[in-house]
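S.K.: Could you have a look at this structure, given as structure tokens, before my questions?
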Amino acid sequence: MNQTSPVPPPPDAEGRHHGFGSGIRTWFLTGLIVAGPLALTTWIVWWFITLIDGWVKPLVPASMWPDQYLPMHIPGVGVVVAFLGLTLLGFLAANIAGRTLLGVGEMLLDRMPVVRSIYKSLKQIFETVFSQSGGGFRKVGLVQYPAPGMWSIVFISAPPSSSISAHLPPTPHMSVFLPCTPNPTTGFYFYLPAADVVEVPLTPDEAAKLIMSAGLIQPDVQARLAAMAAQGRGAGKAGINPPEAA
């Protein structure tokens, strides 16, 4: 005689409700993870484009804006104009005539007591941050702060100048910036002996993610995910199934 496998009893109402609620929660969190970063990125990009357009638009004649000839607003024109203008300014400043005009302008600013200090400070910051040959903030380290045995992430900055090092103990020192969580643009800047700084193999981008996420985004986890994604893409091209994540 034919034997049939026993049919499992149907789940009770509590089990069905629990499973459905768990699925709704999982789908909602998945949708939030997918849409959240995309929405925030879109908002930041839109805010930046609107800000630049608002700065540049009053400086450009109205006849040059596409809005005057199209029935819709075209965002991003100010960003393009600003990019072309800054590129042209850099090209002119690299020539002899541009350097002469720039020197005359800086000489005029140097005669203004308050404006002189602001301009020189901002110029030095921009030259340090955007310098392609500088080494500031391109290395990450660990220091014992705020107490011995408690380690904090720091960005290694430029070495102390001669006027500063002359007043420091006669040992090699370096300057570091200790950012705060979750806003790494605020923090503490100080000098300490070079032997007290432990350099770690992290990029500034990885360290910034670690700080802003308060430790939730670990660099090794991101590296494993990137390796799995690359392996999955390679397996897909080869026509085999990628390995499942552990």
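Residues checked against (1) in a helix (DSSP H, G or I); (2) within 28 Å of the chain's Cα centre (by Cα); (3) farther than 29 Å from residue 213 by Cα; (4) modelled with pLDDT of 80 or more:
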| position | (1), (2), (3), (4) |
| --- | --- |
| 4 | no, no, yes, no |
| 17 | yes, no, yes, no |
| 26 | yes, no, no, yes |
| 39 | yes, yes, no, yes |
| 51 | yes, yes, no, yes |
| 63 | yes, no, yes, no |
| 71 | no, no, yes, no |
| 80 | yes, yes, yes, yes |
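S.K.: Further question on the same structure: I need a count of the residues in region 168-227 that are modelled with pLDDT under 85, more than 14 Å from residue 140 (Cα to Cα) and not in a helix (DSSP H, G or I).
M.R.: So the answer is 11.
S.K.: Now a separate question. Could you run through region 168-201 and say how many residues are under 13 Å from residue 151 (Cβ atoms) and either crowded, with 17+ Cβ neighbours inside 10 Å or aromatic (Phe, Trp, Tyr) (or both)?
M.R.: Here the count works out to 3.
The values are calculated or read from the model by the stated rules, or taken from the named source; none is laboratory data. The model shown is predicted, which means the values in this text are computed figures rather than measured ones. All Cβ positions, glycine included, derive from the backbone under ideal geometry; neighbour counts span all protein chains shown.
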